[in-house]
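Inspection log for the structure reproduced underneath, given as structure tokens.
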Amino acid sequence: MLGVSGADVTQLDGEELIVDGYYGQVYRSPSPSLRQEFLTLIREEQEFDRELEALCDMPAKTIDDHTISLCVNAGLSRDIGNALSVGAEGVGLYRTEVPFMTKDRFPSEEEQRLIYRRLLHTFWPRPVVMRTLDIGGDKVLPYFQIKEDNPFLGWRGMRVTLDHPEILLVQLRAMMQASVGLDNLSIMFPMITTVAEVEEAMRLLKQAHEETLAEGFKIQPPKIGVMIEVPSAVYQAQILAKKVDFLSVGSNDLIQYLLAVDRNNSRVANLYDSLHPAVLRTLMQVVAGAHREGKKIGLCGEMSGDPAAVILLLAMGFDALSMNPNRLPRMKWVIRQFTIKRARQLLNEVLEMDDSVEIRGHMELALEEAGMGGLIRAGRW
Ligand code: PEP
Ligand code: MG
């Protein structure tokens, strides 16, 4: 159970439980009336999901014609089927470490090429953004152990692959070989903290591209992106944007580094807050940096599946949001019910507030008033 520490789950053996994920509550051995109430709410949610299927082929466009692109995060193969059924415009984040985690050694270039090819082919002609291997921190490979006292501030993401260019080059070549004839590949670098890291990664990418061409593969150079996941990258967003084709905010990490809250530590989970005023101002700064260079900017953390946050991200000017496939229909519905004018008004209002509880309350009230209370609690209404 997430965020529950010290609970003896064996004591719950055989008991009926209701988990209300909206309020973060668990009911043990519920009374028949409570049970009935939740069954009704579940039925309403299922009906709502079926209604939302009608939006599958419609754009994520506000009433006053402001469009944002909605993509999915993928890693496991089941994400891929789900992504297509919810009408995603592409894959905004493919976590390449997932197939690495299910092996007992580094997958070979050919093994990787086949995995990437399947994904690119399935989504073609839609774009697929593949992130280079992002290990370290909480993501460990059983055959490449990293022991550190402070792993989130240690050897993770791009730091590992720049120290092991042989791993990165194999991966980049496999991605490019996989894109032959499809050309819907973009590549993104995680955990960037300096411009020099991007320059070195681009140098290796150029090398991999030249090697791939020399082997006879005919491929266009892929679009390149940088993830904005640490505060230093926020302050250098514009110069980073100048070096690449697009930026993508990894809000899961950015929030943890900005607020100094471990994203996986339940003891401080109440401090991990995507609507913290500092987070909102940070995101606005990144959008401004990317747009000053005329580059696109997306966000691919969990925040993009939170209806209260989505309205604010829309207002800030994000060009794309990438999320868990099962969140996409609801987020598209929210966007289609709002005007960009109202979203900007709400953003201006919350920027006057200095407390995230107040901000969330304000956004939830706005959702209620727009007839979308069903997005913030179980059931349809
Ligand atoms: C993020 O940090 O927001 C992100 C999308 O990457 P991950 O969750 O895989 O670290
Ligand atoms: Mg991350």
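The values are calculated or read from the model by the stated rules, or taken from the named source; none is laboratory data. Keep in mind that what you see is a predicted model, and the values were worked out from it rather than measured. Cβ placement follows ideal geometry from the backbone for every residue including glycine, while neighbour counts extend to all protein chains displayed. Surface accessibility is based on the protein's heavy atoms, side chains included, excluding ligands, DNA and RNA. Shrake-Rupley method; radii C 1.70, N 1.55, O 1.52, S 1.80 Å.
Put simply, the amide H of Lys296, placed in the peptide plane, has neighbours under 5 Å in Leu247, leaving out anything fewer than 5 places away on its chain.
Beta bridges assigned by DSSP with both partners in the chain are antiparallel in approximately 20 percent of cases. Taking amide H as placed 1.01 Å from N in the peptide plane, the amide H of Arg131 sits under 5 Å from that of Tyr94, Thr96, Met188, each at least 5 places away or on another chain.
Take the alpha carbon gyration tensor of the range 38-100, find the square roots of its eigenvalues, order them as a ≥ b ≥ c, and report rounded if a/c is under 1.5; if not, report prolate when a/b exceeds b/c, else oblate. Walk me through the intermediate numbers first.
On the way: a/c = 2.72, a/b = 1.20, b/c = 2.26.
Judged from the Cα gyration tensor, the range 38-100 comes out oblate (a/c at least 1.5, b/c at or above a/b).
Here the range 58-375 is treated as a Stokes sphere of Kirkwood radius computed over C-alpha pairs; at 37 °C and 0.692 mPa s its diffusion coefficient rounds to 164 µm²/s. Modelled spin-label separation between Glu53 and Glu16, with each label point placed 7 Å from Cα along the Cα-to-Cβ direction: 2.8 nm.
Taking all protein chains as they are arranged and a probe of 1.4 Å, the heavy atoms of Ser77 leave approximately 90 Å² accessible to solvent.
Within straight-line reach of Lys341, meaning a Cα separation under 27 Å, sit the following lysines at least 8 residues removed in sequence or on another chain: Lys61, Lys295, Lys296, Lys332.
Nearest 500 deg cm²/dmol is fine: what mean residue ellipticity at 222 nm does the chain get from its DSSP H runs of n ≥ 4 alone, each adding -39,500 (n - 2.57), divided by its residue count? Before the final figure, lay out each step's value.
On the way: 15 runs with 173 residues, N = 381.
Rounded to the nearest 500, the figure is -14000 deg cm²/dmol.
Here the Karplus relation 6.51 cos²θ - 1.76 cosθ + 1.60, evaluated at θ = phi - 60°, turns the backbone of the range 40-51 into coupling constants of 5, 4, 5, 4, 4, 4, 5, 5, 4, 4, 5, 4 Hz, with x for every Gly and Pro.
In whole Å, how far is the Cα centre of the range 65-114 from that of the range 259-304? The range 65-114 and the range 259-304 have Cα centres spaced 22 Å from each other. The region of the chain that goes longest without hitting one of the trypsin sites (Lys or Arg not before Pro) in a DSSP loop, each with at most 12 other Cβ atoms within 10 Å, is 219-381.
Bin all alpha-carbon pair distances of the range 315-381 at 5 Å intervals from 0 and give each bin's fraction as a whole percent. Histogramming the range 315-381 at 5 Å steps yields 4, 14, 23, 26, 23, 10, 1 percent.
Among the GluC sites (Glu not before Pro) in the range 178-262, which ones are in a DSSP loop with at most 15 other Cβ atoms within 10 Å of the Cβ? Mind listing them? Sparse-neighbourhood loop GluC sites (Glu not before Pro): Glu215. The charge dipole of the chain, taken about the Cα centre with unit charges on the Cβ atoms of Lys, Arg (+1) and Asp, Glu (-1), comes to about 940 debye, rounded to the nearest 20. Classify the range 261-381: rounded, prolate or oblate, from the alpha-carbon gyration tensor (a ≥ b ≥ c, eigenvalue square roots; a/c under 1.5 rounded; otherwise prolate if a/b is larger than b/c)? Taking the square roots of the gyration eigenvalues as a ≥ b ≥ c, the range 261-381 is rounded.
Using a 1.4 angstrom probe with every protein chain in place, what is the largest-first accessible-area order of Ile135, Ile376?
On the way: Ile135 5, Ile376 30 Å².
Listed by decreasing accessible area, they come as Ile376, Ile135.
Tally Lys and Arg at +1 and Asp and Glu at -1 over the other residues with C-beta under 15 Å from the C-beta of Ala288: what net charge comes out?
On the way: positive: Lys242, Arg281, Arg292, Lys295, Lys296, Arg344; negative: Glu293, Asp319.
Summing Lys/Arg as +1 and Asp/Glu as -1 gives +4.
In order along the range 101-108, phi translates into HN-Hα couplings of 6, 8, 10, 10, 6, 4, x, 6 Hz, rounded to whole numbers, per the Karplus curve 6.51 cos²θ - 1.76 cosθ + 1.60 with θ = phi - 60° and x for Gly and Pro.
Neighbours of Leu41 by Cβ distance under 10 Å: Lys/Arg scored +1, Asp/Glu scored -1, total -1. Computed from backbone phi with θ = phi - 60° and the Karplus coefficients 6.51, -1.76 and 1.60, the 3J(HN,Hα) list for the range 277-291 is x, 5, 5, 4, 5, 4, 5, 5, 5, 5, 4, 4, x, 5, 5 Hz; x is used for glycine and proline.
On average, how much accessible surface per residue is there in the range 58-375, in Å², for a 1.4 Å probe, leaving out ligands, DNA and RNA? Intermediate values should be presented prior to the final figure.
Values: 13120 Å² over 318 residues.
Solvent-accessible surface per residue comes out at 41 Å².
Taking the longest Cα principal axis of the chain as reference, the axis of helix 195-214 is set at about 60 degrees. Among residues other than Pro99 with Cβ under 11 Å from its Cβ, the summed charge is +1 (Lys and Arg +1, Asp and Glu -1). Please work out the C-alpha center-to-center distance from the range 318-381 to the range 224-256 and express it in whole Å. Distance between centres, Cα-based: 24 Å.
When the accessible area of the range 58-375 is computed with all protein chains present and a 1.4 Å probe, what percentage of it is carbon and sulfur? Let's see the in-between values first.
Details: 6870 of 13120 Å².
The computed percentage sits at 52.
The angle between the Cα long axis of helix 109-123 and the longest principal axis of the Cα atoms of the chain comes to about 50 degrees, rounded to the nearest 10.
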